[in-house]
Amino acid sequence: MIAITDGSIFHLATDNSSYIMHILPSGHAEHLYYGRRLRAPEASLTAMVEKRYIRQHNATYLSDEHETLVLDDTLLEFSSEGKGDYRIPLVAVSAGENGERTADFRYTGYMRHEGISPMPGLPQAKARNTEAETLLLVFEDARHGLTLTLTYTVFAELDAIVRRTTLQSKDGSCTIRSLASAQLDFRSGMMKAVTLSGTWGREFVQGGRLIDSGTFMIESRMMSSSAEANPGFMLEDGRGGCYAMNLIYSGPHRAAFSRTAHGMTHIVWGINPDQFSWPLEPGESFDSPEAVMVYSAEGRASCSEKMHRFVNACIIRSVWSEKMRPLMLSTDRALSYAMTEGKVLAMAKGARSLGMEGILVGDGWFGSRRGARTSIGDWFSNTMKFPSGLFELSQDIHRMGLLFGLWFEPEGISGKSMLYSEHPDWMIGHSDSENAKGCYEGILDLTRDDVRAWIIDTLSDVIDRCRVDYIRWDLSRASSDIFSRKAPQDYGMFMHRYILGLYKVIGTIGRRFPSLYIETGGGRFDLGMLCYSASISISDNTDPICVADMIASATLLYPLSVISTAIAPSPDQVTGRIVERETRFNAAAFSCLSYSIDTASITGLEAEAYRKQVEFYKTYRMLFQFGRFRLQEDGNRVIWSVSDKDRSLLLMLYLQKLVVPDTTAEKLIVEDADPAFQYIAMARPHAMSEQELSYYPQESECYKAGGDVLRWAGISLVEQVCGNGYVEGMRMLGDFSSRLYIIRRTDK
């Protein structure tokens, strides 16, 4: 709901939050409040607005008419340069012949309408199964003929507000140096920023920092959202309130967090201004990506749940958005580049016998690919490996009742490829020999119409001709040598144009093949890609202990339904860590699960164990992918739960990282149990050989308890062996061991 009073007070109300601003007499938009829902704040404006009787000594005030208004010490909806606001600006321009940087935007009016406000070129939140209402606030810089529009879309039942910024040049010209998506100013005490950073193989490392002095930032300077700094973050206000923020964008981004000299918290996020510049001629405009804001007065877990609901309802839009994700088998770890037609078919037969639903033919099926140095871009079947052709392979796999999937790296190009020999100018940079390298390949210039058309037509031909059901859209390297050989252009324009080109390509593929399952990966885990894909691979690292840490952090902002993981052989290829088979499943099951094992060579006991895992996962898949997720962690233990809507069924993970000698009794608290229900709780039986059971016999635990007992008193688990001997019935957990508990309501 959007309530407007006197054309100058704006209350953006969701079911449980209020966002309030008003227009000052000077024409600036003052931010008054964002937090718990207020009943009728319009009647309390006098109490809420900041009082300005006298300015600070030596402060820069706006004008003689507004001599107590110091913009640098005012909570604003946007900051700009040149009028005494010295904070990081939301909008920064160079205007006119002299490149003047002073921008003086004053309020001219508003518009309000039902639904969203569409914008071309960029993905945005959709009001698919929920109502939305949009407010536009318009400001003008009369001197330079510029119009700034702040767009707010309210998704009331989801407690979400989506923002973006539009700059239009009416009768002058300028160069945009920065146009962020959103700004938030707070006068409250010190806030904490919770961020997600990392690198390849250890994505989603959670960090927390008080915004106590100066400025710090998270950013990507690459042509991707990158594993180094996810575009999403959280803010905690120290009083139980939590804000989740994210950006619907897949390119270079920045979020800057400042504590000003006046004790104000100032946050600006959007496209990274260091990687961006954009000229505007008269009549032209530029839209920033959308920023998503969610608030909960009940802390981090509740805030995450609200963001999960928003992503599932308003971001994912393929036919898979409300469907359970398929359980696939990938050839990557089992066959790598040594794949052949016979080996793939043997793996597919194994996948069918285990109950899996499709096979993804990974890197190596195309061109003359025998290793990482060649053939990226040559998207035609390697006839030495597949003499019958991909169509026949697809037919054989479909006859088994399985989905057929292929791995692509559509943005990449190998210097050693037919594509490069025919179109060397399609590669970004001056030449392959001069370019910096990443994974022995370069990047195609997606700012070019001919390159985009070629990718679309080439992939469409393979998908159509080979009846492909599932694709993995990967990107293995970060950007470098930013230069277009056909149309040299400003560095800052290139980065954004590339992302717009990427959206055109993947968007066109999705529209041409609406039933196609698209999974993305390769350093772009963001809401922008999720507007086109059903899931994203969380990492190439399949070590379950690492994956557990990544999932725990990623679920701050992303639902389990979009997080893709894989179970691979042990020792893990990335870490070398040995983790027993059941823990590899128990940790990875809380996601869109896949396998990357050689189903054609596993033993009978292994096959039976995997078959039981697959059967269990498919039985509870809706819960694993769409259930309400909760986590408790104490450093050495990982404790997760997923529950259905009415709390009748819960699955709970207990994962021990390392054995601790001389431990005492442990309590398992089931936070999502309904106090009014009665439950029975038992552990999922592990499928182990006699030798495995001799090392780690599984205890038999089954408990009947009320939901109030589970939630507040907890289950006192069977004593764990910790150095004083073993008695039958004790829990015998080694390093990296786990249990998965099924907790079911029994009083229906």
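What residue, of ALA665, ALA687, is assigned to a loop (DSSP other than H, G, I, E, B), touching a Ser or Thr at 6+ places or on another chain (Cβ under 7 Å) and at pLDDT below 85?
ALA665
Quick check on my filter: what residues within the stretch 608-634 are surrounded by fewer than 19 Cβ atoms within 10 Å (Cβ to Cβ) and at pLDDT below 95?
GLU608, GLN632, GLU633, ASP634, listed by residue number.
Just one of THR383, THR458 is assigned by TED's automatic domain parsing to the domain that holds ALA487, free of Cβ contacts under 8 Å to residues at least 12 places away in the same chain and among the β-branched types (Val, Ile, Thr); which is it? It would help to see each step written out before you state the result.
Working: THR458 fails: free of Cβ contacts under 8 Å to residues at least 12 places away in the same chain.
It is THR383.
Name every residue in the stretch 125-143 that is part of a loop (DSSP other than H, G, I, E, B), out of contact with any helix residue (DSSP H, G or I) (no Cβ under 6 Å at 6 or more places or on another chain) and surrounded by 21 or more Cβ atoms within 10 Å (Cβ to Cβ), in order of residue number.
Once the filter is applied, which keeps residues that are part of a loop (DSSP other than H, G, I, E, B), out of contact with any helix residue (DSSP H, G or I) (no Cβ under 6 Å at 6 or more places or on another chain) and surrounded by 21 or more Cβ atoms within 10 Å (Cβ to Cβ), the stretch 125-143 yields only ALA132.
Take THR599 and tell me if it is part of a strand (DSSP E or B) and either in contact with a Leu (Cβ under 8 Å, 6 or more places away or on another chain) or at pLDDT 95 or above (or both). Step through it out loud before you land on a result.
On the way: part of a strand (DSSP E or B): no; either in contact with a Leu (Cβ under 8 Å, 6 or more places away or on another chain) or at pLDDT 95 or above (or both): yes.
Taking the combined requirement at face value, the residue does not satisfy it.
If I ask for residues that are more than 30 Å from ILE551 (Cβ to Cβ), surrounded by 19 or more Cβ atoms within 10 Å (Cβ to Cβ) and either out of contact with any helix residue (DSSP H, G or I) (no Cβ under 8 Å at 6 or more places or on another chain) or among the hydroxyl-bearing types (Ser, Thr, Tyr) (or both), which ones from the stretch 260-276 would you list?
Across the stretch 260-276, the qualifying residues are HIS266, PRO273.
Of ALA346, ALA351, ALA372, which residue is within 31 Å of the chain's Cα centre (by Cα) and either assigned to a loop (DSSP other than H, G, I, E, B) or more than 28 Å from TYR532 (Cα to Cα) (or both)?
On the way: ALA346 fails: within 31 Å of the chain's Cα centre (by Cα); ALA351 fails: either assigned to a loop (DSSP other than H, G, I, E, B) or more than 28 Å from TYR532 (Cα to Cα) (or both).
Residue meeting the stated conditions: ALA372.
Each row is one residue, and each column tells you yes or no for (1) in contact with an Asp or Glu (Cβ under 8 Å, 6 or more places away or on another chain); (2) surrounded by 13 or more Cβ atoms within 10 Å (Cβ to Cβ); (3) modelled with pLDDT of 95 or more; (4) of a type in the set (Lys, Arg).
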site	(1), (2), (3), (4)
ASN636	no, no, no, no
LYS657	yes, yes, no, yes
ASN724	yes, no, no, no
ASP735	no, yes, no, no
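What are the residues in the stretch 177-190 that are in a strand (DSSP E or B), touching a helix residue (DSSP H, G or I) at 6+ places or on another chain (Cβ under 9 Å) and not polar (S, T, N, Q), if any? Reasoning before the result, please.
Kept after step one, since they are in a strand (DSSP E or B), are these residues of the stretch 177-190: 177-179, 182-186.
From what's left, touching a helix residue (DSSP H, G or I) at 6+ places or on another chain (Cβ under 9 Å): 177-179.
Of everything in the stretch 177-190, those that are in a strand (DSSP E or B), touching a helix residue (DSSP H, G or I) at 6+ places or on another chain (Cβ under 9 Å) and not polar (S, T, N, Q) turn out to be ARG177, LEU179.
For the stretch 219-243, enumerate the residues that are within 15 Å of the chain's Cα centre (by Cα) and buried (at least 21 other Cβ atoms within 10 Å of the Cβ).
If we filter the stretch 219-243 for residues that are within 15 Å of the chain's Cα centre (by Cα), which is where we start, we get 219-220, 224-234.
Selection gives SER220, SER224, SER225, SER226, ALA227, ALA229, ASN230, PRO231, GLY232, PHE233, MET234.
What residue, among those in the stretch 1-40 that are over 22 Å from MET111 (Cβ atoms) and more than 28 Å from the chain's Cα centre (by Cα), is surrounded by the most Cβ atoms within 10 Å (Cβ to Cβ)? Spell out how you get there, then give the answer.
Narrowing the stretch 1-40 to residues over 22 Å from MET111 (Cβ atoms): 15-17, 33, 35-40.
Of the ones still in play, those that are also more than 28 Å from the chain's Cα centre (by Cα) are 38-40.
Numbers: LEU38: 15, ARG39: 9, ALA40: 9.
Checking each candidate, the answer is LEU38.
Any idea which residue in the stretch 287-313 is surrounded by the fewest Cβ atoms within 10 Å (Cβ to Cβ), counting only those that are over 20 Å from ASP644 (Cα atoms) and touching a Ser or Thr at 6+ places or on another chain (Cβ under 7 Å)?
Among residues in the stretch 287-313 that are over 20 Å from ASP644 (Cα atoms) and touching a Ser or Thr at 6+ places or on another chain (Cβ under 7 Å), the one surrounded by the fewest Cβ atoms within 10 Å (Cβ to Cβ) is ASP287.
Return a yes/no flag: does the stretch 420-435 have any residue that is in a loop (DSSP other than H, G, I, E, B) and within 30 Å of SER285 (Cα to Cα). Lay out the reasoning, then the answer.
Of the residues in the stretch 420-435, the ones in a loop (DSSP other than H, G, I, E, B) are 423, 428-435.
Still in the list and also within 30 Å of SER285 (Cα to Cα): 428-429.
For the stretch 420-435, residues in a loop (DSSP other than H, G, I, E, B) and within 30 Å of SER285 (Cα to Cα): present.
The values are calculated or read from the model by the stated rules, or taken from the named source; none is laboratory data. Bear in mind the structure is a predicted one, so any value in this text is a computation, not a measurement. We place every Cβ from the backbone using ideal geometry, glycine too, and count neighbours over all the protein chains shown.
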